[in-house]
1. With chain B treated as a Gaussian network of Cα nodes joined by springs under 10 Å, which of B:R25, B:R126, B:R79 yields the largest mean-square fluctuation?
2. Within chain A, which whole H helices from DSSP have a Cα span along their axis of at least 30 Å and a mean Kyte-Doolittle hydropathy of 1.6 or more, if any?
3. Over what distance in Å are the Cα centres of the stretch B:162-213 and the stretch A:114-176 separated?
4. Return the whole-Å distance between the Cα centroid of the stretch A:293-309 and the Cα centroid of the stretch B:104-150.
5. Distance from the Cα centre of the stretch B:230-280 to that of the stretch A:211-247, in angstrom?
6. Which one of B:D197, B:D156, B:D29 has the biggest mean-square fluctuation once chain B is modelled by GNM with Cα springs under 10 Å?
7. Within 10 Å of each Cβ in peptide B:113-119, how many partner chain Cβ atoms are there on average? Round it to a whole number, please.
8. Strictly over 31 Å apart at the Cα level, which of A:K20/B:K123; A:K320/A:K417; B:K186/B:K258 would you flag in this model?
Amino acid sequence: MLDRRSRTAGTATATGLIVKIAVLALVAGLAVWAALPLIGAEAWWALALEAAIVAIVFYTYLQRRAIPLKYLVPGTLLLIAFQILPVVMTVGTSFSNYGDGHRVGKEQAIEAIVAAGVQQTPGGATYLVAVGESADGELTLLLTDTADGSTWAGTEAGLNELDGARTDDSGRVADADGYTVWSLAELGERQGELAELAVPTGPETGIKVQGLSAFEGASTRSYDESCDCITDSATGVVWHADDQSGRFLTEDGQAALVGWRVGVGFDNYLAVLTDPDIRGPFFGVFVWNIAFAAGSVLLTFAVGLGVAMALNRPGMRGTKAYRAVMILPYAMPSFAMILMWAQMFNRDFGLVNDLLGLSVNWYGETWAARTMVLVANTWLGFPYMFLISLGALQALPADSLEAAKIDGATGFTAFRKITLPLLLVALTPLLISSFAFNFNNFNIIELLSGGAPFRSGDAIGGTDLLITYAFRQAFGSSSADYGFASAVSVFIFIIVATISAVMFRTTRNQEDVYS
Amino acid sequence: MTRTSATDRARKAPKRPKRRGPFARWAADTGWRHLVAILVVVFALIPIVYVVSAAFNPTGTLSATSLLPSGFSVNNFERLFTEDNIPFARWFFNSLVIAVPAAFISIFVSSLAAYAFSRFRFKGRRPMLLFLLLIQMFPAFLSVVALYLIFGAIGDFYPVAGLNSKLGLMLVYMGGALGVSTWLMKGFFDTIPKELDEAAVIDGAGHAQIFFGMILPLSAPIIAISGILAFVGTMNDFILASLFLTDRPEMTLAVGLKTLTAANSPASYFGVFAAGTLITSVLTVTVFMSLQRYIVSGLTGGAVKG
């Protein structure tokens, strides 16, 4: 009704019109600003996408027919860009071998391998070397040309001019935007990682590191398209491309250091099922993950509901004070309090062992560590359960409780047969979403136990959840495996989707909500 | 289950003569309530008392800290603001600069959508509402790898919004704008009588005037609650912030304070960490306590309405 009438109203006031024009002008300005780098980089697809988005925005706010669109477009655009697109990309990545050693395309991989065979040619350029890690962890050579002092950033993908770098007295790059520069000590320690790193500058030329300097030269290696192989004329080694795994392999199966991205189909998923090193622990994590989520919901709900029952009595003294104290754990910054709990569970000086007179090594034993995360999570979560239980208790129909009382149901019986079922009807959706939240409760595990305890050589710890395990696979200190980590994420998606489906089924009788 | 308890009741009922003394009656009626409440209050308070005690502990190490304070000094607070490698004020500032606008914009965008869902009937409305309920079950950090790649690419073109930028992180937080809060607000808007809208239309108001001039002001409580929850959620985020912000002065409180804990810093930083925690909590606790009433009704409103 309303929408039909307001269709004729349009932009009714002068202020409204001015605001509208101003906002659209701002959008246009932003669009031009955003288009410039895209044109500079000749990224035509991105430009087309941007133009489409701007067109949608302008169309939405200049037309008068579909009013709801005007209210839905901003949120929907954000939703698509930063929630739906990442989910789609995660699924895509899970079918590839993307990760350390497989970051680039095939051509770039060939160039990098060829460049690694570079021998110094007389008169070639030489550089002073600093090493930086880019924000996404890629090793980058930060080079200063000894001839003219210009600065360059080189990766296995190629060489780019580096603007805005600060050099120290010797001329070496000391500080560059977007890079974490290694200290000299670090450079000495991690020299090994640089041995195979080379920056291609042409088909058969490249820059190679030697100690703290680098030189440009010609490579003894060359790529031959007819056999899809790389030959090193100095050593006689031949690498053949293996398009299945995205690597160059020698006759006896040695892989060249740099590979490329290929689709690997369901390999990442199959690895979970077939690789015994992964399968066993993965199944264990899965079971613990469910137990942790269910246990957290049960414990927090039991404590929260217990207190709510205790305080739900009109005329009881001190309820306000009790309530104020009890929501404190909910109001405290949770990340900091988890870190605090981590200290309180310290074996030697921690408060928990101190107060209880124990000397439990909370981080060393699997079950101690699991108890620890559950205790801390109960502390964090019970106030929320308390608040919603109290709210639901007070909203219970008084007549059914009265009727139960008249029938002689008192105390525990009344609670179990009348109050609890009625409460659960109202609270089930919240309990299920609490389960879903705890299923992926990254903070409590990462900040409290960090997944500990780890048995020697195991990649999975006793308290690891799937999400912390996937995160470590992708961004941990050992080599990054984005493909596998994405597969685990997709796996989590599927579980959570199943939970949601169950939730929708159980609450279907509340359909009127959606009308 | 049902059958046994019926007989239970029959057996128990006659066994309840009023032969108990006044104390026993008080204990059965109210006493246990205080007992339960006090036990849980102790449980709730222990870590908080410990934080306070650690923050004012003169030594500042874990081993010298006990539940009840053994001394008093503001040394830890001084170090928090004076030491060069603890840019606490910067961290605090960063957290606010990210969380306040992110919460504000999320709530604004979310309330727009909630208005559309509450007041208009259009094709795809129901599926969209259900989809929002579904998508909020997938937290943004599940697709961290993809977010990482996306913002790596964005950073190539627009360094202001790439990795290691506050704007990039804000965009991720705002991506989750439509979700729970949209549902909460839609529920609240539904309770505002439609007759008000119709009266406004007769007076010549357009849809925008109805929304900004009438619905928004009338919904102040729910908007405050959604805003607070979004703000606190953003303040508490660790995983995305630790991924996006790696330069020490650029960190948020969550990422920065973690660098002060045992695994990453000398033992004497424990007191400093506690002091930082205490200052952060003063902010969040004040906000919570002042809006306590709304929070209870806001959360349960969501419970009843799905």
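Here, each number is a calculation from the coordinates, and none is a lab measurement. As the structure is a prediction and not an experimental result, all values here were calculated from the model. Note that we place each Cβ from the backbone using ideal geometry, even for glycine, and neighbour counts take in every protein chain shown.
1. Of the options given, B:R25 has the highest mean-square fluctuation.
2. On the way: long enough: A:14-40 (39 Å, 2.13); A:276-311 (52 Å, 1.47); A:366-394 (41 Å, 0.99); A:482-506 (36 Å, 1.80).
Helices meeting the span and hydropathy rule in chain A are A:14-40, A:482-506.
3. 51 Å
4. Result: 29 Å between the Cα centres.
5. 46 Å
6. Answer for the Gaussian network model of chain B: B:D29.
7. Working: counts 8, 2, 4, 9, 4, 1, 7.
Partner Cβ neighbours, averaged per residue: 5.
8. Working: A:K20/B:K123 26 Å; A:K320/A:K417 29 Å; B:K186/B:K258 37 Å.
Those over the limit are B:K186/B:K258.
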